[in-house]
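Enquirer: Before I ask anything, let me first share the structure, which is written out below as structure tokens.
The values are calculated or read from the model by the stated rules, or taken from the named source; none is laboratory data. Just so it is clear, the structure is predicted and the values come from calculations on it, not from any experiment. Glycine also receives a Cβ, built like all others from the backbone with ideal geometry; neighbour counts cover every protein chain displayed. Side chains are part of the model used for accessible areas, which takes the heavy atoms of the whole protein and leaves out ligands, DNA and RNA. Shrake-Rupley method; radii C 1.70, N 1.55, O 1.52, S 1.80 Å.
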Amino acid sequence: MDDDSPAARWEQRTEIPLFLGSLIFIAAYATRVLATGVEAFWRSLCLIVMLALWGLFAADYLVRWRLGGQRFLRFVSTHFLHTVVVLLPLLRPLRIVPLYDVVQRRQGEPRLSLYARVIAYASLSTLLLGFSGALAVYQQERGAPGATMLTFGDAVWWAASTLSTVGYGDITPVTPTGRVIATGMMAGGLGLLGAVTGSFSSWLMQTFSREGDERPPGK
């Protein structure tokens, strides 16, 4: 039976608008980082939009806490992803699983298999994490003494090699904040890569096992 609690109804109503807000947040942040030649007015407008959306995310977090009826520390410990995306709003698009769940409740039965959903989620999360990480690291590394990340293209290349766990080492962060971000991206890359390879391997095993069961016995 579907969950009809106040917290579930709140999530049903807000998950899609907040996801769209997170994409606007990333767009505003990208504009501030990359569009260095625009007028100060537009950069200030992007900052105002980011602060307003961050306040919206924080308000959503507090409402979920109140509706959950838990002590605050208990809520923080049991809703780790909620806490992370409030502290680091660039990562809020990673809440694709709750978003998919909300959309699916409105459409009925899932249209994709479990394995396809895991692979799609991991792939989209990798793209979002890579783009957000490249923006954040480039903002920290740009103009730093001894930096090897000179353009945003360098940052995208670094993010791709980091998330894929290849790590060529031709471009590396030199600032403390950049290295902290890099550590988080390494952990995220390992987790997402493991999810994809694990789901794909499980799908192959299930497919081969089904083919073996359907094969007629030999004479």
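Enquirer: Kindly evaluate Leu90 against the criterion of being under 26 Å from Leu192 (Cβ atoms), touching a Leu at 6+ places or on another chain (Cβ under 8 Å) and at pLDDT 80 or above. Outline the logic, then answer.
Expert: Details: under 26 Å from Leu192 (Cβ atoms): yes; touching a Leu at 6+ places or on another chain (Cβ under 8 Å): yes; at pLDDT 80 or above: yes.
It is true that Leu90 is under 26 Å from Leu192 (Cβ atoms), touching a Leu at 6+ places or on another chain (Cβ under 8 Å) and at pLDDT 80 or above.
Enquirer: Got at least one residue in segment 15-33 being under 29 Å from Gly153 (Cα atoms), of a type in the set (D, E, K, R) and either under 18 Å from the mean Cα position of the chain (by Cα) or part of a helix (DSSP H, G or I) (or both)?
Expert: yes
Enquirer: Oh, and also: If you take the residues of segment 70-98 that are open to solvent by less than 70 Å² (accessible area, probe 1.4 Å) and not in a helix (DSSP H, G or I), which of them is farthest from Ser22 (Cα to Cα)?
Expert: Gln70
Enquirer: Further question: Being in contact (Cβ under 8 Å) with a residue 24 or more places away in the chain and open to solvent by less than 70 Å² (accessible area, probe 1.4 Å) is the filter here; which residues of segment 29-46 pass it? Walk me through how you get there before you give the answer.
Expert: Residues of segment 29-46 that are in contact (Cβ under 8 Å) with a residue 24 or more places away in the chain, as a first pass: 29-30, 33-34.
Residues satisfying the conditions are Tyr29, Ala30, Val33.
Enquirer: Related question: For segment 48-60, which residues satisfy the criterion of being of a type in the set (A, V, I, L, M) and either closer than 27 Å to Leu124 by Cβ or open to solvent by less than 50 Å² (accessible area, probe 1.4 Å) (or both)? Full working, then the answer.
Expert: Just the residues of segment 48-60 that are of a type in the set (A, V, I, L, M), to begin with: 48-53, 56, 58-59.
The answer is Val49, Met50, Leu51, Ala52, Leu53, Leu56, Ala58, Ala59.
Enquirer: As an exercise: evaluate Thr183 against (1) out of contact with any Phe, Trp or Tyr (no Cβ under 8 Å at 6 or more places or on another chain); (2) modelled with pLDDT under 85; (3) not charged (D, E, K, R) and give the number of the one condition it does not meet.
Expert: Among (1) out of contact with any Phe, Trp or Tyr (no Cβ under 8 Å at 6 or more places or on another chain); (2) modelled with pLDDT under 85; (3) not charged (D, E, K, R), Thr183 violates only (2).
Enquirer: Follow-up question, since we're still on this one. Going by the conditions given, is Leu67 closer than 17 Å to Leu128 by Cβ and surrounded by 15 or more Cβ atoms within 10 Å (Cβ to Cβ)? Break it down into steps so the answer makes sense when it comes.
Expert: Working: closer than 17 Å to Leu128 by Cβ: no; surrounded by 15 or more Cβ atoms within 10 Å (Cβ to Cβ): yes.
It is false that Leu67 is closer than 17 Å to Leu128 by Cβ and surrounded by 15 or more Cβ atoms within 10 Å (Cβ to Cβ).
Enquirer: May I pose another question? For segment 124-147, how many residues are in contact with a helix residue (DSSP H, G or I) (Cβ under 7 Å, 6 or more places away or on another chain) and part of a loop (DSSP other than H, G, I, E, B)? Can you show your working first?
Expert: First, pick out the residues of segment 124-147 that are in contact with a helix residue (DSSP H, G or I) (Cβ under 7 Å, 6 or more places away or on another chain): 124-126, 128-130, 132-141, 147.
Now drop any that are not part of a loop (DSSP other than H, G, I, E, B), which leaves 147.
Qualifying residue count, segment 124-147: 1.
Enquirer: Same structure, new question: Just checking, how many residues over segment 166-176 are among the hydroxyl-bearing types (Ser, Thr, Tyr) and more than 13 Å from Ala134 (Cα to Cα)? Lay out the reasoning, then the answer.
Expert: First, pick out the residues of segment 166-176 that are among the hydroxyl-bearing types (Ser, Thr, Tyr): 168, 172, 175.
Remaining after also requiring more than 13 Å from Ala134 (Cα to Cα): 168, 175.
Looking only at that region, the number is 2.
Enquirer: Same structure again: All but one of (1) crowded, with 17+ Cβ neighbours inside 10 Å; (2) modelled with pLDDT under 85; (3) out of contact with any Gly (no Cβ under 9 Å at 6 or more places or on another chain) hold for Ala134, so report the exception by its number.
Expert: (2)
Enquirer: What's the number of the only condition in (1) open to solvent by 70 Å² or more (accessible area, probe 1.4 Å); (2) farther than 30 Å from Gln140 by Cβ that Glu11 fails to meet?
Expert: Just one mismatch for Glu11, condition (1).
Enquirer: Separate question: Scan segment 144-166 residue by residue and report those that are open to solvent by 50 Å² or more (accessible area, probe 1.4 Å) and modelled with pLDDT under 85.
Expert: Ser164, Thr165, Val166
Enquirer: Just to be sure before I move on: is Asp60 among the acidic types (Asp, Glu), over 24 Å from Val156 (Cα atoms) and free of Cβ contacts under 8 Å to residues at least 24 places away in the same chain in the structure I sent?
Expert: Working: among the acidic types (Asp, Glu): yes; over 24 Å from Val156 (Cα atoms): yes; free of Cβ contacts under 8 Å to residues at least 24 places away in the same chain: no.
Spelling it out, it is not the case that Asp60 is among the acidic types (Asp, Glu), over 24 Å from Val156 (Cα atoms) and free of Cβ contacts under 8 Å to residues at least 24 places away in the same chain.
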